[in-house]
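The values are calculated or read from the model by the stated rules, or taken from the named source; none is laboratory data. Everything numeric in this text was worked out from a predicted model, so none of it was measured. Neighbour counts are summed over all protein chains in view; Cβ atoms, including those assigned to glycine, are modelled from backbone coordinates with ideal geometry.
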Amino acid sequence: MSMTRTWIRIVPLALLLAALPALAGPSATPGFADRPPRETPEPEPGDGGLPVLDTLVVSGNQPGPGLWKVSRDGYVLWVLGTVAPLPKRMEWSADEVRERIAASGVVLMAPKVSFKTRGGVLGGMFLLPSALRARNNPDGQTLQDVLPPPDHARWQVLKARYMGRDRGVEKRRPIAAAMELREEAFDRHDLSWRDVVGREVKRAARRSDVPVREPTVTLQFDNARAALKEFSRSAVDDLACFRLTLDQVENDLETLATRANAWAMGEVAMLLDLPYTDNGQACLDALLQTGLAQSRGLADLPARVEATWLAEARAALAAHAESFAVLPMSRVVGERSYLRVLEREGYGVEAPAVDAR
C-alpha cells in the first residue's frame with residue numbers, strides 16, 4: 001500500500017480529504033484503519049430489529065448513465081456523474097465514454113485534496129504511530145464514555161451485526177467508528193468503493209493518448225507531528241455525523257443498493273429520484289469546524305476545491321472543441337452542483353436524454 005493511501009485511511013484530518021471528492025465520490029470516506037480481515041457473524045432473522053434486504057445488486061456488464069453536456073460557442077464538455085458505492089461485481093460497459101474520450105482534447109477527473117508533510121515518505125513513516133493514536137478519543141475514552149446512551153445502544157446493535165466482537169473500534173472517535181461500520185455494512189451487501197469508473201476513464205484516455213488532468217488543492221503541513229498532537233487532544237463535534245451514518249446503515253442500505261443498480265443500468269431518472277441519508281456534509285462540517293482546521297485555514301476548503309475544478313472546466317471549454325470530465329453525481333445535480341454554477345455563467349447544460357438508450 002502506498003504511503004499516500006495509508007495516510008488517507010488512518011489520519012483523522014484526512015477525512016477532510018476523503019470526504020471532499022466530494023461528499024461523495026468513488027472513494028469517499030473509506031475506513032480509517034488497515035486491519036486484518038475479521039470474521040463477521042451471519043445475521044440472524046430479527047437481529048436487533050434490523051431489516052433483511054430484498055434488493056439484489058446487479059452484476060455483469062452494465063451501461064452506466066448517459067452524459068451531461070456543457071457547451072458554449074460550439075465547444076462541448078461531456079460530464080459523467082458517478083455514485084458510490086457501486087455493485088461489487090459490476091463490469092461497466094463504457095463504449096460511449098470511450099468514444100467521447102477519444103474525441104476529446106483533455107480529460108478532467110474529479111477534484112481532490114492532497115497534502116504534503118515536511119520530510120516526505122520517511123517523515124510520514126515516523127508519524128504513523130501518532131496518526132494511529134489521533135483517530136481515537138482523547139484521554140483513553142471509549143464510545144460508551146462519549147456517546148449519549150441511546151446513541152451507544154444503537155451503535156451496539158449495528159456493531160454486533162456488522163463488526164462482531166471488534167474491541168479496538170470502541171476506542172475510536174464516533175466519526176471514525178461510524179465510517180468503519182459503514183464500510184463493513186456496504187461490504188456485506190455487495191457494495192464496493194472500488195473505483196471502476198476512474199480506472200476505465202484513465203485507461204481509455206491512455207489508449208487514445210488524451211491528457212488527463214486531476215484538479216487538486218494541495219495542503220502543506222510543515223509540522224505534521226504537532227498537528228496530530230493537537231488533533232489528539234481536541235474535541236470534535238461529530239455526533240451529527242455519527243447519527244446520520246448510523247441512520248444510513250440502519251435504513252438506507254436497500255436504497256443505496258437500488259441507487260447503485262440505477263447507475264449501473266443507466267436509469268438516470270430513477271437515480272435522481274431516490275432519496276437517501278447524506279451524511280457527508282455533517283461529517284465534513286465536524287472536521288472543518290475543529291480548532292485545528294480553523295487554525296490551519298481549512299474552513300474554506302470546499303470552496304477552494306470547487307473553484308479549482310471550475311477553473312479547469314472553463315479552460316477545457318475554451319481550448320478544446322470537445323473535452324470530458326468525471327464528477328460525483330452530487331456535484332452534477334442538486335444544491336452543490338458545479339454544473340449549476342456554469343449554467344449561471346451562461347454555459348448551456350443538458351441532462352442525458354431518458355431514452356438515450
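Observations, loosely collected:
- Scanning segment 143-167 for residues that are under 15 Å from residue 238 (Cβ atoms) and either free of Cβ contacts under 8 Å to residues at least 60 places away in the same chain or not in a helix (DSSP H, G or I) (or both) gives 143, 145, 146, 147, 148, 152.
- Segment 56-74: number of residues that are within 20 Å of residue 201 (Cβ to Cβ), at pLDDT 90 or above and out of contact with any strand residue (DSSP E or B) (no Cβ under 7 Å at 6 or more places or on another chain): 0
- When 99, 44 are screened for being within 29 Å of residue 191 (Cα to Cα), of a type outside the set (Gly, Ala, Ser), modelled with pLDDT of 90 or more and over 26 Å from the mean Cα position of the chain (by Cα), only 99 passes.
- Residues within segment 240-292 that are within 18 Å of the chain's Cα centre (by Cα), among the β-branched types (Val, Ile, Thr) and modelled with pLDDT under 80, tallied: 1
- Flag: residue 178 does not match the condition of being modelled with pLDDT of 95 or more, closer than 30 Å to residue 329 by Cα, out of contact with any Leu (no Cβ under 6 Å at 6 or more places or on another chain) and surrounded by 20 or more Cβ atoms within 10 Å (Cβ to Cβ).
- Those strands (runs of 3 or more DSSP E) lying entirely in segment 66-108 with at least 2 residues under 20 Å from residue 215 (Cβ atoms): 68-72, 75-82
- Residue tally, condition modelled with pLDDT of 70 or more, in a helix (DSSP H, G or I) and surrounded by fewer than 16 Cβ atoms within 10 Å (Cβ to Cβ), over segment 294-303: 1
- Qualifying positions in segment 320-352 - among the basic types (Lys, Arg) and farther than 21 Å from residue 196 by Cβ: 336, 340, 344
- Restricting attention to segment 313-336, the residues being outside any loop (DSSP other than H, G, I, E, B) and over 11 Å from residue 110 (Cβ atoms) number 10.
- Filtered residues of segment 323-349 (kept if out of contact with any Ser or Thr (no Cβ under 9 Å at 6 or more places or on another chain) and of a type in the set (A, V, I, L, M, F, W, C)): 325, 333, 339, 341, 342
- Being modelled with pLDDT of 90 or more and more than 30 Å from residue 66 (Cβ to Cβ) is not true of residue 165.
- Restricting segment 79-118 to residues that are touching a helix residue (DSSP H, G or I) at 6+ places or on another chain (Cβ under 6 Å) and not hydrophobic (A, V, I, L, M, F, W, C) leaves a set whose member that is surrounded by the fewest Cβ atoms within 10 Å (Cβ to Cβ) is 98.
- Of all residues in segment 337-357, those satisfying the criterion of being assigned to a helix (DSSP H, G or I) and of a type outside the set (A, V, I, L, M) are 338, 340, 343, 344.
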